[in-house]
Amino acid sequence: GAVVSQHPSRVICKSGTSVKIECRSLDFQATTMFWYRQFPKQSLMLMATSNEGSKATYEQGVEKDKFLINHASLTLSTLTVTSAHPEDSSFYICSAPLLDRALYFGPGTRLTVT
Amino acid sequence: EDQVTQSPEALRLQEGESSSLNCSYTVSGLRGLFWYRQDPGKGPEFLFTLYSAGEEKEKERLKATLTKKESFLHITAPKPEDSATYLCAVRDNYGQNFVFGPGTRLSVLP
């Protein structure tokens, strides 16, 4: 099946610093990628849709200046959490659709802000 | 607005005890219904895509079926390794987003 990678898998940072998370589609091209956030024992919460070559579309309530998304190529999207605070600690997961077959997910990034 | 609900919220089975998980949906033109398995601390793993009512798909002990209003994930003779959260999602004909249900947490006891 299609493979989506995510890096890093875990990151710990200090409050006020920025963290970049990379999402790559390894064996297919993705003009669109999705970024989700997931709290313990809760379902996926869509944060934003990343569009190659254009601006990302953010869901209501998600601060675009805090969660910067760049879709630089057909296989790479990045999410930068700027000026991170402890409340930003969460599990972040990216995904990419392969035609109409399915949405393929990365393994996730566990962010802890101290 | 597309909506997905799943039931039960949590399910505990004994090993070998078959059961079904439900996914009910409302969507303006179904483009696809998707089932995923998610283990703790990992990204969801794709299981099935169903496109039209009456369609069925199988993989090992799992079988997914689809009607115009709901989908079932049947688990036959489950094993402890089937313990996970099972997520259902839909995509409509008009947008690019996938709408996910809250999931069913399945525990299979040895």
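The values are calculated or read from the model by the stated rules, or taken from the named source; none is laboratory data. Predicted model, so just to flag it, every value in this text is computed and none were measured. Virtual Cβ from ideal backbone geometry, glycine too; neighbours counted across all protein chains shown. Just the protein is used for accessible areas: all its heavy atoms, side chains included, with ligands, DNA and RNA removed. Shrake-Rupley method; radii C 1.70, N 1.55, O 1.52, S 1.80 Å.
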TODO: Mind putting a number on the dipole of segment B:1-45 about its Cα centre? Charges go on the C-beta only, +1 for Lys and Arg and -1 for Asp and Glu, and I need it in Debye to the nearest 20.
DONE: 100
Task: Protein accessible area in the protein assembly as shown, 1.4 Å probe - carbon and sulfur % - done: 49
Task: Among A:51, A:71, A:26 the positive-end extreme of the charge dipole of chain A (Cβ point charges) - done: A:26
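Of all DSSP beta bridges in chain A, what percent run antiparallel (nearest 5)?
Details: 35 of 39 bridges.
Once the DSSP bridges in chain A are tallied, antiparallel ones form about 90 percent.
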- [ ] Just read off the accessible area of residue B:31 with the full protein assembly in place, 1.4 Å probe, to the nearest 10 Å².
- [x] 70
Task: Label point distance in nm, residue B:1-residue A:100, each placed 7 Å from Cα along Cα→Cβ - done: 2.7
Open item on the list: Based on alpha-carbon centroids, what's the gap between segment B:34-92 and segment A:48-108 in Å, whole number please?
Closed with: 25
Task: Protein accessible surface hidden between B and A, which excludes ligands and nucleic acids, total in Å², probe 1.4 Å - done: 1500
Task: Per residue solvent-accessible surface (Å²) - segment B:21-106, probe of 1.4 Å - done: 44
Task: Nitroxide proxy distance, nm - points 7 Å out along Cα→Cβ at residue B:93 and residue B:60 - done: 3.6
TODO: Would you mind computing, in nm to one decimal, how far apart the modelled labels at residue B:24 and residue A:20 are, each placed 7 Å from Cα along Cα→Cβ?
DONE: 4.7
Task: For residue B:80, net neighbour charge (Lys/Arg +1, Asp/Glu -1) across residues whose Cβ lies under 13 Å away - done: -2
TODO: Over chain B, consider all pairs of different Cα atoms and compute the Kirkwood hydrodynamic radius from their mean reciprocal separation; express it in Å, one decimal.
DONE: 13.9
TODO: On each of the three principal axes of the Cα atoms of the protein assembly as shown, give max minus min coordinate, whole Å, ordered largest first.
DONE: 50, 39, 32
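Using the beta-carbon distance between residue B:31 and residue A:27 and R0 = 25 Å, what value does 1/(1 + (r/R0)^6) give for FRET efficiency, to the nearest 0.05?
0.65
Over 31 Å between Cα atoms: which of A:41/B:68; A:64/B:63; A:41/B:69 fall into that group?
Values: A:41/B:68 29 Å; A:64/B:63 40 Å; A:41/B:69 26 Å.
In this structure, A:64/B:63 lie more than 31 Å apart at Cα.
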Task: Positions from segment B:84-110 whose accessible area shrinks by 40 Å² or more when the full protein complex is built, not the chain alone, probe 1.4 Å - done: B:96, B:97, B:98, B:100
Task: Where A:75, A:80, A:109 fall by accessible area, highest first, once all protein chains stay in place (1.4 Å) - done: A:75, A:80, A:109
Task: Interface residues in segment A:89-108 - accessible area drops by 50 Å² or more relative to the isolated chain, probe 1.4 Å - done: A:100, A:103, A:105
